[in-house]
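Colleague: Please find one structure pasted underneath; my questions will follow.
Computed from the coordinates by the stated procedures, all read-outs in this text should not be read as laboratory data. Since this is a predicted model, take the numbers as computed values, not measurements. Every residue, glycine as well, gets a Cβ built from its backbone with ideal geometry; the counts of neighbours run over all protein chains shown.
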Ligand SMILES: [Zn+2]
């Protein structure tokens, strides 16, 4: 059965290569319909036997995430500026319903193909954040929050890094932006079960775990005076973003805010 499934995948890929031909398009549609009958998959949101994300849920997700929002007021562990205001954070949407279902399946259930749904959402939130910068024409470094080594080994991919890479590959951002993998977790920094902990204990568990990388290209970028936007998947208390911010203290860059795919107030900190 597996080899048959692989053969179908190969044929679909071949059809993609010669997509311009009218006959190929017809053949691809027919193959796709046959594959859906032979290897049914459930929608990750509503469970309907269809695509990984059915048309109805895809439409709802598009509508929910159409307007990125500022959410820093809900995350009380974010760093504060001189005026006592939290670092601005823009989210593509709330961590609930379809967005939560898709993000969870993408991150924790190896459904990497769902990145095609998340890429436009992240790109939209990124563009909203870039528009809010005081100097949008100056260089902006997009610094993704790193994956822990253990998580990377288990998943085999870095969810945030992969999405950001695909946003760039699709040319969805202005020319003055670039991705810099400037952060890493310190060796031996283990979060274990406390990673899910929110509130004060959760914050304490993240503190002093991140470092700025020291490779020449990265050090140059971190001394360029550029603006920085941090990128992460989910915002809860803001403790991880605060740690990313702390790790770049003393570098010659201007952290201006963060962009996340989804945000959720921590249960003990809902207003
Ligand atoms: Zn669905």
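Colleague: Can you give the direction-averaged projected area of the convex hull of the alpha-carbon atoms in the range 76-123, in nm²?
Modeller: Taking a quarter of the hull surface, the average projection is 4.4 nm².
Colleague: What list do you get for 74, 168 if you sort them by fewest beta carbons within 10 Å?
Modeller: 168, 74
Colleague: Express as a percent, rounded to the nearest 5, the fraction of DSSP beta bridges in the range 67-269 (both residues included) that run antiparallel.
Modeller: So the antiparallel bridges amount to about 20 percent of the total.
Colleague: Could you compute Rg(Cα) / (2.2 N^0.38 Å) for the range 67-269, with N its residue count?
Modeller: Compactness ratio reported: 0.95.
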